[in-house]
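A short worksheet on the structure shown next.
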Amino acid sequence: MRSVLVVIITLMLLTPLVGAYQVPERGVVYPVMVDRFYDGNASNNGPFYDPTHTNYRLYWGGDIEGLIEKLDYIRSLGVSTIWVSPLNDNINRMAAGSAPYHGYWTRDYKRIDEHFGTWEDFKRLVQEARKRGICIIVDYVPNHSNPATEGEFGALYDNGTFVTDYYRDTKNATVNPYTGIRENVYHHNGNIFTWEGIPLKYANLFGLADFNQLNPWVDSYLTEGALLFVDSGACGFRIDAVKHMELGWLESLYLRLYSRDPLFIYGEYYSLSPERSDDLYELYRYSNVSPVLNIPIRENIVRTLGFVGSLETLSRTLEGYYSLFVYPNKQLNFLDSHDLVRFLNAAKRDDAVERFHMALALTMTLPGIPVIYYGDESYLVSRDGKGDPYNRPMMVFNNTTEAARIIRTLAELRKTNDALAFGDFRTVYANYSVWAFERTFGSHKILAVMNKGSPVSLTLNLDWPDGTYRDALTGAQMSVSNGRASLELGRNSFYVFHIEGEQKEPLIGSVTPYIAQPGQRILIGGAGFGSLGRVIIGGVEARVLSWNSTEILVEVPEMKTENAWLDVVVKTGEKASNPAKLRYYSGNDLPALIAINATNLTGRLWIKGNLPELAEPRPLLRSSTGYYFTVAPLPNGTAFSVELYTGSPWGELEPLNVTLYGFVNSTTVVLGKEPVEVPTSTAEPEPSEGGWGWAYALLAVGVLLAVLWKWKKG
Ligand code: NOJ
Ligand code: CA
Ligand code: CA
């Protein structure tokens, strides 16, 4: 009886926490360009306002209040997450013939732009969205502020107080002795002139003032700015232009944000092709530390369905692409965006709308989280038929279309069928016009089948129980008998057959976030977790904060390891789940510049070291000042060693048999040939509770009593 009571009370204590956070893979993301969505407050529309909505480079009036008014509409699409375009205060002048209606030209990372509203409005948006089961992801732009040579010239404010602009900043800029980069608050190295190496990250992207994130003030300022959104209830970020920042700095930013909440953060890494071009390697090959928008495969999908192309080729391209990731299901698939020409503007075919429906259904069923750009449900197109800025017309609200029905139906299925959220990806059949792929997660399965050619009868090998299955979208039937499935496929058709069996054993689908440090909370999503159990991370038991059959919230324990990836295992009774991967960081990490004297060194070099932070190879850049360098989050107060490797990004790395040593006590760590003696601390020992702490407290009470006694006496 007592143990039953203990279980009931424990469950009551744990349950309220579950549900406070979302497992992102079970949802759908809806990006909104705030200025172009809905005008909820006409008093904030100026300056640079165009009431006629004809000049695409001016403000059109949309704001946070408008977004709040339209939350029920967004909910009607089954969407779980709204990604709002950048909300921070932007410059108050035109640049390049445009006002910053898009929000990507920030001047103050601690304020909300007056065209969009206030922090109070943002908090209300979060609360109202939450009531509807929707969370808010904010587009954040820490690579650059605003145009350096026009507009406000890179002007930067700290909650209203002017800090600097690009020209003032030049006066105090110095050349970093290890990187050769001219820097202060900003980098001063002109515009990006080649899309690789040092310019890619340390020069201005299209003339935008490029931040020096390793400047301690910039580092804290950008972190504090992001934390204001977290503390106001945002559930994550879309980070702009991650290709142009040091991965090591981003990791350290993410860790600081994750230490508040198990957020969902993904990056925009702009690369239009899935080929293994060099500039993708840091994020994809080794590190995999952050989900990204699947920009490289989007073009292949649009081309194959919107123009011509083989579905079989597409299936192979996508399989190759997804194989790059530790968590392919956490990457984000999209069809349309504010940077690319909308599908319906791009597709030049009589059956473009039918193909668009197919492309939407594909986006909703592929591995990865679907991103449905605002207005896709209402066939929003630009009358000018082009990309930026014409792909951002004023929203037309219509949730009664066939597109809306497809989005809603598959969004609902995604909530209940974990094969869509976490399943693997296997092509069952593919030719030029027909493609069938199966996705399985434990007892849940889906079979997506599409045909862009003439009607055809299809028979497949399919290991599903005998029976008749109904497609979620049209109700079409598929019969399975003795491992053979037969179905009729119409022209330009898409079917989603599904099975939702009961999952009896614990099975992990994902961990959010999947990079973590000790003390951080992570959300484990999956099935068959029952009502109580244990979670083991890297062999150590984690503290459970909440538990239900599909979601567990735990705290990451501290452990001694030199490995980058640890196994997370859920145990219920005698049953243990599959191991899921967690990228582990020691904790107390600084974003540190690691520099190596380049005398006697040449070629493409990498380091790998004996800390979890350095366990995956990190590429080095060669500076003009005779050093190799990189940036990594490193645990303060720790001695470490690294091995040098040589090799190209997608090839084998060869050891050079050189060991170098370092000690982390500042944001620049120069490695040497001799092991570093860990300095014995010169600081006063911290008074421990029950030791000096008590003595000081007693002394303070004594002094207080003496003062009171004296005061009373006289
Ligand atoms: C990518 C964003 O999506 C784009 O719209 C923006 O202009 C650039 N980054 C620069 O911030
Ligand atoms: Ca307005
Ligand atoms: Ca940069």
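DSSP beta bridges fully contained in region 507-584 are about 95 percent antiparallel.
Over all distinct alpha-carbon pairs, what is the Kirkwood Rh of the chain in angstrom?
Working: mean 1/r = 0.0364 Å⁻¹.
The Cα-based Kirkwood calculation yields 27.5 Å.
Peptides 651-660, 607-616 ranked from most to least packed, by the mean per-residue count of other Cβ atoms within 10 Å: 607-616, 651-660.
A cut-off of 5 Å between modelled amide H atoms, ignoring neighbours fewer than 5 places along the same chain, links Ala595 with Val669, Val670, Leu671. Within straight-line reach of Lys452, meaning a Cα separation under 21 Å, sit the following lysines at least 8 residues removed in sequence or on another chain: Lys348.
Relative to the longest principal axis of the Cα atoms of the chain, helix 247-258 runs at roughly 90 degrees. Computed from backbone phi with θ = phi - 60° and the Karplus coefficients 6.51, -1.76 and 1.60, the 3J(HN,Hα) list for region 269-284 is 10, 7, 7, 7, 10, x, 5, 7, 6, 4, 6, 8, 5, 4, 7, 9 Hz; x is used for glycine and proline. With θ taken as phi - 60° and the Karplus curve 6.51 cos²θ - 1.76 cosθ + 1.60 applied, the whole-hertz 3J(HN,Hα) list for region 173-188 is 6, 10, 8, 5, x, 9, 9, x, 9, 7, 8, 8, 5, 10, 7, 10 Hz, x standing for glycine and proline.
Farthest toward the positive end of the dipole of the chain, out of Met559, Thr659, Leu324, is the Cα of Met559, where the dipole comes from beta carbon charges about the Cα centre.
Between helix 119-131 and the chain there is an angle of about 50 degrees, using the helix long axis and the longest principal axis of the Cα atoms.
Size of the dipole of the chain about the Cα centre, Lys and Arg at +1 and Asp and Glu at -1 on the beta carbon, nothing else charged, in debye to 20?
Working: 64 positive and 78 negative charges, 172 e Å.
Dipole of the chain, to the nearest 20 debye: 820 debye.
Indicate, rounded to the nearest 5 percent, the antiparallel portion of the DSSP beta bridges found entirely in the chain.
On the way: 99 of 129 bridges.
That works out to approximately 75 percent antiparallel.
To the nearest ten degrees, helix 216-231 and the longest principal axis of the Cα atoms of the chain are 50 degrees apart.
For the pair region 502-554 and region 312-389, the centres of their Cα atoms are 32 angstrom apart. Computed from backbone phi, the HN-Hα couplings of region 646-651 come to 10, x, 9, x, 9, x Hz, rounded to whole numbers (Karplus: 6.51 cos²θ - 1.76 cosθ + 1.60, θ = phi - 60°; Gly and Pro given as x). Post the alpha-carbon centroid distance, region 107-140 to region 225-298, in whole angstrom. Comparing the Cα centres of region 107-140 and region 225-298, I get a distance of 20 Å.
Run the numbers on region 507-584 and let me know its relative contact order in percent, using alpha-carbon pairs under 8 Å that are six or more apart. If you can, show how the numbers build up before the last one.
Numbers: 195 pairs, mean separation 27.1, N = 78.
RCO, region 507-584: 35 percent.
With the convex hull of the Cα atoms taken as the outline of region 507-584, the averaged projected area works out to 4.2 nm². For region 589-670, compute Rh as the Kirkwood radius over C-alpha pairs and then the Stokes-Einstein diffusion coefficient at 37 °C and 0.692 mPa s; write the answer in µm²/s, rounded to an integer. Translational D for this selection: 257 µm²/s. For the pairs Lys560/Lys581; Lys70/Lys123; Lys504/Lys560; Lys131/Lys415; Lys70/Lys386; Lys123/Lys415, note any where the Cα-Cα span goes beyond 22 Å. Cα-Cα > 22 Å for Lys504/Lys560; Lys70/Lys386; Lys123/Lys415; rest within.
Taking amide H positions as modeled 1.01 Å from N, with prolines and chain starts lacking one, the residues under 5 Å from Leu590 and 5 or more places away or on another chain are Leu634, Asn636.
Summarising the amide proton neighbourhood of Gly236: residues at separation of 5 or more, or on other chains, whose placed amide H is nearer than 5 Å comprise Val138, Phe264.
For region 586-668, the list of chymotrypsin sites (Phe, Trp or Tyr not before Pro) that fall in a loop by DSSP and count at most 15 other C-beta atoms within 10 angstrom reads Trp650. Entry note, the chain: the mean residue ellipticity at 222 nm calculated from DSSP H runs of n ≥ 4, each adding -39500 (n - 2.57), is -7000 deg cm²/dmol after division by the residues and rounding to the nearest 500.
The numbers here are math on the coordinates, done by the rules we state, and not lab data. No experiment lies behind these values; they were computed from the predicted model shown. Note that we place each Cβ from the backbone using ideal geometry, even for glycine, and neighbour counts take in every protein chain shown.
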